[in-house]
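The values are calculated or read from the model by the stated rules, or taken from the named source; none is laboratory data. What you are looking at is a predicted structure, and each value in this text was computed from that prediction instead of being measured. Neighbour counts run over all protein chains shown; Cβ positions are idealised from the backbone, glycine included.
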Amino acid sequence: MERLDKLLASTGRWSRREVKLLVKEGRVLVDGVPAGRAEQKADPDVSRILVDGEEPAIRQYTYVMLNKPAGVLSATEDPRQETVLDLLSPELRRQGLFPVGRLDKDSEGLLLLTNDGELAHRLLSPKRHVDKVYYIRVDRPLGEADRAAFDRGIVLADGTDCLPAKLEPMGDGLEALVTLHEGKFHQIKRMVASRGAAVCQLKRLSMGTLVLDERLKKGEYRLLTREEVSKIGGKH
């Protein structure tokens, strides 16, 4: 059971203040009866809720897959720079979404945005070691010695201890796939730098079972499918 104002605000179509006005004007029906107050509780899986005769799509939580472009901040707001939330529709921006983890400003690829704090905590918890796979392009060929160093784990110059990671050089070694089990600050760039190379491009391809939909162009997004939500442990 949830409050009507919270349920209807979750659609992104109305603010809680606007829901109160809708209820006051008798435009919200619960099982055919005008709602008495915005604080009234209802179960959207059991009761039929109508606004102006239409049944809005009520979701307890929202899960959005974004193909983040370079140059955009993985943040909810910034007074001077564009953030990933600025790429979303007004309806989605009103749902309290936030990015799960971060991608550097100049990095791109898969970014999950949600208002499910419990799921975000599980996906980011170091104890769970959720695998994250990245494509990188570097300025010098990476080879077997670099792969072995990633396998062992790398201690950075400042003493940061990075867990063993998987490095898979491709072709001439100027491209590679990296699989991390953690998410330290600028981790891939710093690990690669410790090997005397620099990352020219970084793109996240997957996070756990969630894989970037390659049909999404840079800056485009879509809601997760029910199957994707189930696989990552979200709620419908």
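A few points about this structure:
- Members of the stretch 44-55 that are in a loop (DSSP other than H, G, I, E, B) and surrounded by 11 or more Cβ atoms within 10 Å (Cβ to Cβ): Pro44, Ser47, Arg48, Glu55
- Applying the set (1) surrounded by 14 or more Cβ atoms within 10 Å (Cβ to Cβ); (2) outside any helix (DSSP H, G or I) to Gln81 leaves exactly one unmet item: (1).
- Near pairs, Cβ below 9 angstrom, 6+ apart or cross-chain, from the stretch 6-17 (at positive phi) to any residue that is modelled with pLDDT of 85 or more and among the small types (Gly, Ala, Ser): Gly12/Ser89
- Wholly within the stretch 127-236, helices (runs of 4 or more DSSP H) carrying at least 1 residues that are under 30 Å from Thr62 (Cβ atoms): 187-193, 226-232
- The listed residue being on the phi < 0 side of the Ramachandran plot, in contact (Cβ under 8 Å) with a residue 40 or more places away in the chain and in contact with a Ser or Thr (Cβ under 9 Å, 6 or more places away or on another chain), out of Ala57, Ala42: Ala57
- Members of the stretch 1-43 found to be surrounded by fewer than 12 Cβ atoms within 10 Å (Cβ to Cβ), modelled with pLDDT of 90 or more and in contact with a strand residue (DSSP E or B) (Cβ under 6 Å, 6 or more places away or on another chain), listed by number: Gly26
- Taking the criterion of being basic (Lys, Arg) and either part of a helix (DSSP H, G or I) or in contact with a Lys or Arg (Cβ under 9 Å, 6 or more places away or on another chain) (or both), the only residue of the stretch 105-126 that qualifies is Arg122.
- Single residue of the stretch 136-195 satisfying the filter (under 21 Å from Thr209 (Cα atoms) and among the small types (Gly, Ala, Ser)) that is surrounded by the most Cβ atoms within 10 Å (Cβ to Cβ): Ala176
- Criterion applied to Arg140, Arg152, Arg147 was being touching a residue at least 12 places away in the same chain (Cβ under 8 Å), within 20 Å of Arg204 (Cα to Cα), outside the structural domain of Val72 (by TED's automatic domain parsing) and over 17 Å from the mean Cα position of the chain (by Cα), and the one residue passing it is Arg147.
Conditions tested, residue by residue: (1) of a type in the set (Val, Ile, Thr); (2) touching a helix residue (DSSP H, G or I) at 6+ places or on another chain (Cβ under 6 Å).
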{"position": "Glu54", "(1), (2)": "no, no"}
{"position": "Thr76", "(1), (2)": "yes, yes"}
{"position": "Arg80", "(1), (2)": "no, no"}
{"position": "Val84", "(1), (2)": "yes, no"}
{"position": "Ser89", "(1), (2)": "no, no"}
{"position": "Arg93", "(1), (2)": "no, yes"}
{"position": "Leu103", "(1), (2)": "no, no"}
{"position": "Asp106", "(1), (2)": "no, no"}
